[in-house]
Amino acid sequence: MSDIQEIGELLYRRRKTLGLSQQQVASANGISRVTLSRFENGKLPEIGIRKVMAICATLGLELTVKDASPRPTLQELINEREN
């Protein structure tokens, strides 16, 4: 799953938790319901960062940037599981 698909899924879950329709969120952000649906379902190839940030704000979320963490090695995963 790509990062954009994960973001779309998180936004979908948050929207459902808040009891908002796709149309309500889409209208609040100046996009079509179809665009929001495609984004939530990982079917939208690109969406502007400002739109993503606006949708997040509508849903009471914020988009943050952090240092990338290196992927754990197999041995690190095994050690973590044993602890």
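Computed from the coordinates by the stated procedures, all read-outs in this text should not be read as laboratory data. Source: prediction; values computed, not measured. All Cβ positions, even for glycine, are placed from backbone atoms using ideal geometry, and neighbour counts span all protein chains on display.
Of the listed peptides 56-68, 27-39, what is their order by residue-averaged count of other C-beta atoms within 10 Å, with the highest listed first?
So the peptides 56-68, 27-39, ranked by packing, come out 27-39, 56-68.
Putting +1 on Lys and Arg Cβ atoms and -1 on Asp and Glu Cβ atoms, find which of Thr73, Val52, Gln23 reaches farthest to the positive end of the dipole of the chain.
Gln23
So which aspartates and glutamates pass the test for Lys43, namely a Cα distance under 20 Å, with those fewer than 8 places away in the same chain ruled out?
Once the sequence-local aspartates and glutamates are set aside, what remains near Lys43 is Asp3, Glu6, Glu9.
Mean separation of Cα pairs under 8 Å and 6+ residues apart, divided by the residue count of the chain: what relative contact order is that in percent?
28 percent
Give the separation of the Cα centroids, segment 24-82 to segment 1-21, in Å.
If you average the Cα positions of each part, the centres end up 8 Å apart.
Nearest 10 degrees is fine. How inclined is helix 49-58 to the longest principal axis of the chain, computing both from alpha carbons?
80 degrees
Taking N as the number of residues in the chain, what is its Cα Rg relative to 2.2 N^0.38 Å?
Numbers: Rg = 16.1 Å, N = 83, 2.2 N^0.38 = 11.8 Å.
Working it through for the chain, the quotient is 1.36.
Just tell me which aspartates and glutamates come within less than 15 Å, Cα to Cα, of Lys51; anything on the same chain fewer than 8 places away is out.
Partners found: Glu40, Glu62.
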